[in-house]
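Working notes, beginning with the structure itself.
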Amino acid sequence: MKKALSFAGIAISSLLFSQTSRFVYQATMKANSADKTDVRTENVYLDVSPERSVFVAENRVKRDSLMERMRTTGNFNRDAMENLRSNIEYTVEKDFKTQKSVFKQRIGRDIYAYEEDRTFDWKILPETLIIGNYKAQKATSSFAGRNWNAWFTTDVPFQDGPYKFSGLPGLIVKVEDEAGDYSFDLKETKKISQAATLQDRGNVLKVKRADFDKQQAKFLKDPMSFFNIAGPGAPPPPSATGAPSPPVMRNNPQRMKEMETRIKAEIAKNSNPIELPEKK
């Protein structure tokens, strides 16, 4: 069965759909192509409300809350911020009414947002598996340079899943690529008052996906150019935690050099992204 279905379930009761559900997944990543023993895990949220869903790292939500408290009190706790660093600095928002999915990620000072222009061409297989309390069925698809195996359940009336995954007749409770580099496994479900509200610190630039890919490639090649090209009065570059760096860092060549070294080291450790570059 090869068919792209809508994000939201067609037959959802008004009671279920009037609530907001938080699906907590464990994300497992082998983001370092030079060291496959470097396995990283962290929790991510898929918040599903009547109008939309939001996919975001748990630490991002906690970090936003902490930064809001620090702004209120005027006390900046660098150690607390460092403890909330995440390997998933992007977010994905799906609009159920328009059927549009928007991906956001910071590159340098700015946040780039693009509307996903690709769909999943799922092949649903007869194989089933019990995952947690759910009976799940297998489906496969190729997307962004990887072959994916997904397990979905019709016990949960949402046609959604973590990251950009969607389009199956139920909730995706597990999805992993065939190389074993990335996986998302549902661990917990709970009701919340509202979906996560994210703070976009910096300019949000709406671009085409191809333009985002070009900017991302430029950043990987010369990250400091994204900080140095701005003129006087421009906002300072963010730190590794997403917080703006203080003016003393901008005016200190040694500190800027340290920042460059740190960013390049992080780039080297993230050489195996979830989406692989398109082959030309």
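Summary table below
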read-out	value
FRET efficiency for K269 and K62, using Cβ-Cβ distance with R0 set to 22 Å, rounded to 0.05	0.50
Projected label distance in nm at E115 and E278, using a 7 Å step from Cα toward the beta-carbon	1.7
Full-extension gain in nm, N77 to S193, via 0.36 nm per residue minus C-alpha separation	39.0 nm
Cβ-Cβ FRET estimate between E42 and T261, R0 fixed at 30 Å, reported to 0.05	0.75
Label-point separation in nm, V207 to L220, each point 7 Å along Cα→Cβ	1.4
F76 long-range amide H proximity, modeled H, under 5 Å	none
Kirkwood Rh and Cα Rg combined as Rg/Rh, segment 53-92	1.02
Sequence of S141, S225, S271 when ordered by accessible area, the most exposed leading, probe 1.4 angstrom	S271, S225, S141
Using θ = phi - 60° and Karplus 6.51 cos²θ - 1.76 cosθ + 1.60, couplings along segment 132-137 (whole Hz; Gly, Pro as x)	x, 9, 10, 8, 10, 10
Local net charge near S101, Cβ-Cβ under 13 Å (Lys/Arg +1, Asp/Glu -1)	+2
Qualifying trypsin sites (Lys or Arg not before Pro) for segment 47-151 [loop in DSSP, other Cβ within 10 Å: at most 12]	K97, R118
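The values are calculated or read from the model by the stated rules, or taken from the named source; none is laboratory data. This one's a predicted model, so the numbers in the text were calculated from it and none came from an experiment. All Cβ positions, glycine included, derive from the backbone under ideal geometry; neighbour counts span all protein chains shown. What goes into the accessible areas is simple: the full protein's heavy atoms, side chains included, and nothing from ligands, DNA or RNA. Shrake-Rupley method; radii C 1.70, N 1.55, O 1.52, S 1.80 Å.
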